[in-house]
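As structure tokens, the structure follows; a few thoughts come after it.
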Amino acid sequence: MGCIYRRGTMYWIKYYRNGKPFAESSRSDKKVVAERLLKKREGDIASGKMPGIVYDRVKFDDLAEDFLLDYRNNQKKSLDRAKLSLDHLNERFKGLKVPTITTTCIQEYIEKRIEEGALNATINRELSALKRILNLGARQTPPKVERVPYIPMLKEKNIRRGFFEHGDFIAVRNALPEYLKGFATFAYKTGWRKSEIINLRWEQVDLHNGIVRIEAGDTKNDDARTVYLDTELRKIFTRQRGIMKEKQKILPYVFPNMLCTGKIKDFRKGWMSACEKAKIGTRLFHDLRRTAVRNMVRAGVPERVVMMISGHKTRSVFDRYNIVSDSDLQLAIKKQEVYLNSQKTSESQTEDFKEALNSSN
């Protein structure tokens with residue numbers, strides 16, 4: 001059982017958990033306050049909870065390390081992005097005791113990041129990391145976090161909506177370095193992510209049957225995926241294999257870098273230069289993914305099949321990629337006009353038939 005004693009003018013309490021003593025100030029010179037605190041601590045211990053003084057000693061740094069450990073143990077592909085978010089969070093919360101991380105404190109962090117020019121989507125990724133950090137602490141046995149504060153999220157206004165019309169893509173592809181032309185064409189037709197194409201290996205390609213497969217675990221959503229090569233892509237893959245033979249180099253990657261020494265790394269400079277030469281303004285390589293989704297849907301491919309090819313797992317994300325362009329809106333009006341004109345023609349023919357019938361009578 002615990003006890004109450006005085007130190008100076010303040011009452012302190014002492015209690016035990018698993019044989020280990022804990023001493024804690026009641027922060028009051030009234031004994032009744034200390035008695036209530038002692039009962040609360042003993043009640044928490046009896047129900048399997050950690051005493052409050054333990055929560056008070058946990059720092060953000062301890063939880064941050066557990067957060068990274070969880071990413072490493074689960075081999076999450078977004079570890080680098082998690083580290084980047086954590087770097088920003090450390091600027092505000094490093095060294096702080098967890099109970100001091102309140103909603104007000106978090107809102108101050110949001111305000112500071114907005115002042116620094118961070119986009120809402122970027123801030124939301126950081127807030128999601130913070131929520132994950134605190135939730136992991138609360139789920140541990142014994143828990144390190146007693147209560148996770150409310151974490152407000154921002155409305156994202158910077159959702160990308162870019163895509164390529166076919167003529168724009170051809171112009172950019174013609175301006176790209178030779179080693180990127182087939183790479184970009186594959187992205188334009190399949191909607192695969194940049195990292196998936198960069199890491200595409202010959203062992204995943206059945207050129208005889210025109211099949212390319214990406215195994216479960218190699219994709220962002222951990223789902224296996226298969227695509228069939230059309231005539232143009234078959235020629236591109238055949239040419240890629242021919243390049244290897246010409247240079248007498250054996251590389252595992254279908255699309256190697258310009259020197260054919262390894263896989264493609266950073267090609268932003270070549271990409272931006274090609275966009276400039278094509279005179280189409282600034283475009284992202286990721287816009288090819290949106291374009292592929294849009295083109296397949298417009299071509300009449302069932303949306304479920306499109307999702308299986310592009311690797312979209314959820315409907316909400318897929319809908320953000322299935323973009324309606326101005327030309328789509330114009331086409332809708334033209335289709336409506338044709339339909340209405342056909343209705344007028346049908347009505348006119350009906351009236352002519354009635355007049356002819358009346359005349360015969």
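Please work out if Arg173 is closer than 20 Å to Asn295 by Cα and touching a strand residue (DSSP E or B) at 6+ places or on another chain (Cβ under 6 Å).
Numbers: closer than 20 Å to Asn295 by Cα: yes; touching a strand residue (DSSP E or B) at 6+ places or on another chain (Cβ under 6 Å): no.
For Arg173, the condition - closer than 20 Å to Asn295 by Cα and touching a strand residue (DSSP E or B) at 6+ places or on another chain (Cβ under 6 Å) - is not met.
The residue of region 42-60 that is farthest from Arg17 (Cα to Cα), among those that are surrounded by 14 or more Cβ atoms within 10 Å (Cβ to Cβ) and at pLDDT 80 or above, is Phe60. Taken as a whole, region 121-134 holds no residue that is more than 27 Å from the chain's Cα centre (by Cα), surrounded by fewer than 17 Cβ atoms within 10 Å (Cβ to Cβ) and touching a residue at least 60 places away in the same chain (Cβ under 8 Å).
Counting the residues of region 1-43 that are assigned to a strand (DSSP E or B) and out of contact with any strand residue (DSSP E or B) (no Cβ under 9 Å at 6 or more places or on another chain) gives 2.
Does at least one position in region 88-106 carry a residue that is part of a helix (DSSP H, G or I) and touching a residue at least 60 places away in the same chain (Cβ under 8 Å)? No, region 88-106 contains no residue that is part of a helix (DSSP H, G or I) and touching a residue at least 60 places away in the same chain (Cβ under 8 Å). Of the numbered criteria (1) at pLDDT 90 or above; (2) at positive phi, the one Gly217 fails is (1). Taking the criterion of being among the hydrophobic types (A, V, I, L, M, F, W, C) and crowded, with 17+ Cβ neighbours inside 10 Å, the residues of region 255-274 that qualify are Phe255, Ile264, Phe267, Trp271, Ala274. Which members of region 26-35 meet the condition of being surrounded by 13 or more Cβ atoms within 10 Å (Cβ to Cβ) and more than 19 Å from Glu146 (Cα to Cα)? Correct list: Ser28, Val33, Ala34, Glu35.
If I go through region 229-248 residue by residue, how many of them are within 13 Å of Tyr179 (Cβ to Cβ) and in a loop (DSSP other than H, G, I, E, B)? Counting residues in region 229-248 that are within 13 Å of Tyr179 (Cβ to Cβ) and in a loop (DSSP other than H, G, I, E, B) gives 0. All conditions but one from (1) over 24 Å from Glu196 (Cβ atoms); (2) surrounded by 13 or more Cβ atoms within 10 Å (Cβ to Cβ); (3) modelled with pLDDT of 85 or more apply to Gly281; the one that does not is (2).
Restricting the first member to region 146-157 and to residues that are touching a residue at least 40 places away in the same chain (Cβ under 8 Å) and not assigned by TED's automatic domain parsing to the domain that holds Ile133, and the second to residues that are of a type in the set (A, V, I, L, M, F, W, C) and in a loop (DSSP other than H, G, I, E, B), the beta-carbon pairs closer than 9 Å and six or more apart or on different chains are Glu146/Met50; Pro149/Ile101.
Selection within region 103-120: residues that are charged (D, E, K, R) and surrounded by fewer than 18 Cβ atoms within 10 Å (Cβ to Cβ). The member of this set that is farthest from Asn74 (Cα to Cα) is Glu115.
The values are calculated or read from the model by the stated rules, or taken from the named source; none is laboratory data. None of these values were measured; they are calculated from a predicted model. All Cβ positions, even for glycine, are placed from backbone atoms using ideal geometry, and neighbour counts span all protein chains on display.
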